[in-house]
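Below is one structure; the comments refer to it alone.
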């Protein structure tokens, strides 16, 4: 165990100390930030004013949607079925439907539109709704304290309990009245981007493992080392060490990217404020009753989403813990599986020029899953998407593309389970090829040869 | 006592048998030559001793008990195909390899500093391996092979890549290692160095041990009772002076003397040869022609039906 740690340490340190690592660490986030910020910025820059019709069955949002710079709201008295039928003729860009809640307050809404819904509209609607809901909840909570003025108000507790997030489903409504699920640009960008990153990371660091194995072979140090450790330890040490380099790079990128994105969007938000709902009014009323509750409202005002920019709002709507968590899983396990295969290729050849013939079966599923990305984005729940996100060789890329759109848990679990099995199987095969291959010099291996190596005792 | 024994070790690859019931015994504190033509199976046997590959059949004993995984910390191995990480610092690399052999960070550092001092290569510590010459790299390689003070050292073609000066330096070091109690298994094609260094040998040909024992006894066994004589003042054929059972193999002359190689029958001694010659010629020198390891190697390997011979 101590020895494999030594190997991991060497593989990690020699790579992290390289100048190229530093350059990549700085350039990566700039690129990533550009990829995140630019499409969102483009999406929010709508030249013409959008018209949104509102059908509010709950009745609590009457007159709450105020026109903003380029979104105009008007309320419809029709029921939702009639509104939908008339939608294509009405000339509106979107139809907002807030259904009557079963109990308490509503927490979701549906946006119908003929095309993909603009992020501006979604974000604005979400922010207005959650703001209003928080107001209502807060008023309800504060009523409990109005009767007894001496009762202390648990400020933080209340603040936490009123925090509300609103689900907004976006549905496409066709000319013929047919409905289909629609996704915002953000889901697509994120999905595609995450898939790209996985693809890129597996290739970049998988190839590093392969190059490392070839380096040990050509420099003839490999036999010196495997007289001290088992070939499997050397292989896994290298794979884990390089993987940690990848993880380090990724975490640095995420950190730096968030930094850059928040700075950029902070600048953008200066002239892109969403109008604030009048919290002040309620505050005045409450102040007379209970001074402590006024303080509470001050807090709510500061924390509320009203001041956030549209871009930040859109970014906040993504479930980042899930995204990053599953990214790390699919990146790591996918990488481990592919890296083992790359290591086997490195062990089987004498120089990088000979790798071509063995690289093909490894690169094809990886490239294929990226090529299929556009179909998957168009139909993230279709059968192609499903099967590609289950099959271990394609699942790391495909599943990451699907996750921002929402994937049933059982599918994610199945995909993860199969990927782990794929990793174990790949490592088992690779170890057999590797331990024979690294001792073969100047001999050109064929697939038949590899098959023999796998069967050696 | 034998430090290492292999008992009828067999290793089968897909289409050929690399080792066929190979048995060798390496006595403690000797230099053991593992000889054989290319492809005979030497490297396979060495890799089995280092537990890089596992034998299909047979037993391996280290210091009288079955060879275990932990024993690799008591074995030092300099493979024929050897090298170092080119982009890594010499010192860091030596530390890494020493620690892989089980030395603690402290011990590795202390010993390496001492050896670097001894070899006068302190200034190389922070240099990259690729900046060193081939010979310098070999020195570092040798050093990391012995740094953990192994009981058993295995050198596969250690002299390849060394110039004559470094070769003799290396020979001295090998002898010094033996002096300090280590056992050395030594695989080479260089028969001169075998003659110079080895106490025992095993000769492997076509996956089998065909000859093994101490160098002295093997040489004795391969004696052919042939003598070379230098003489003068005789112009005729030497054979005419000798009994017919004495065979003159070769005659030559230089400016001062005539020389001949004579093979004696098994029951004859050099005295018989001298007695026959003395009445007619003046004798300057008589030497027994002892076969060189080179001759023995060639003779043993080219024999039609190789018989396993253990000579003790």
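Using the C-alpha gyration tensor of segment B:167-234, what are the square roots of 5 times its eigenvalues, in whole angstrom, with the largest one first?
They are 30, 19, 11 Å, listed from largest to smallest.
Between residue A:23 and residue A:90, the FRET efficiency estimated from the beta carbon spacing at R0 = 60 angstrom works out to 0.65. For chain B, the C-alpha radius of gyration sits at 1.25 times the compact-globule guess of 2.2 N^0.38 Å, with N the residue count.
In the frame of its principal axes, segment A:362-442 has Cα extents of 49, 25, 17 Å, reported largest first.
Counted by neighbouring Cβ atoms within 10 Å, the residues B:250, A:11 run from fewest to most as B:250, A:11. The order of B:240, B:187, going from fewest to most other C-beta atoms within 10 Å of their C-beta, is B:240, B:187. Taking every C-alpha pair closer than 8 Å and separated by at least 6 residues, the mean separation divided by the residue count of segment B:2-220 gives a relative contact order of 31 percent.
Entry note, the protein assembly as shown: the mean residue ellipticity at 222 nm calculated from DSSP H runs of n ≥ 4, each adding -39500 (n - 2.57), is -16500 deg cm²/dmol after division by the residues and rounding to the nearest 500. Express in whole angstrom the spacing between the alpha-carbon centres of segment A:49-82 and segment A:374-450. Going from one Cα centre to the other spans 47 Å. Select from B:236, B:213, B:33 the residue whose mean-square fluctuation is largest in a Gaussian network model of chain B (Cα-Cα springs shorter than 10 Å). Of the options given, B:236 has the highest mean-square fluctuation. Run a plain Debye calculation on segment B:224-288 (Cα atoms as equal point scatterers, no solvent) and give log10 I(q)/I(0) at q = 0.24 Å⁻¹, rounded to two decimals, same order as the q list. Relative scattering, expressed as log10 I(q)/I(0), comes to -1.05.
Remark: relative contact order (segment B:224-288) = 51 percent; criterion is Cα-Cα distance under 8 angstrom and separation of 6 or more residues. Here the translational diffusion coefficient of segment B:32-179 follows from Stokes-Einstein with Rh set to the Kirkwood radius across Cα pairs; for 4 °C and 1.567 mPa s it amounts to 79 µm²/s.
In terms of other Cβ atoms within 10 Å, A:377, A:438 run from fewest to most in the order A:377, A:438. Calculated on the Cα set of the protein assembly as shown, radius of gyration then Dmax: 41.3, 148 Å.
Taking only the C-alpha atoms, wrap a convex hull around segment B:157-292 and report its volume per residue in Å³ as a whole number. Output value, Cα hull per residue: 179 Å³.
Every number here is computed from the coordinates shown, using simple stated rules; none is lab data. Model, not experiment: these values are computed from the prediction. Heads up, the Cβs are rebuilt from the backbone with ideal geometry, glycines too, and the neighbour counts pull from every protein chain shown.
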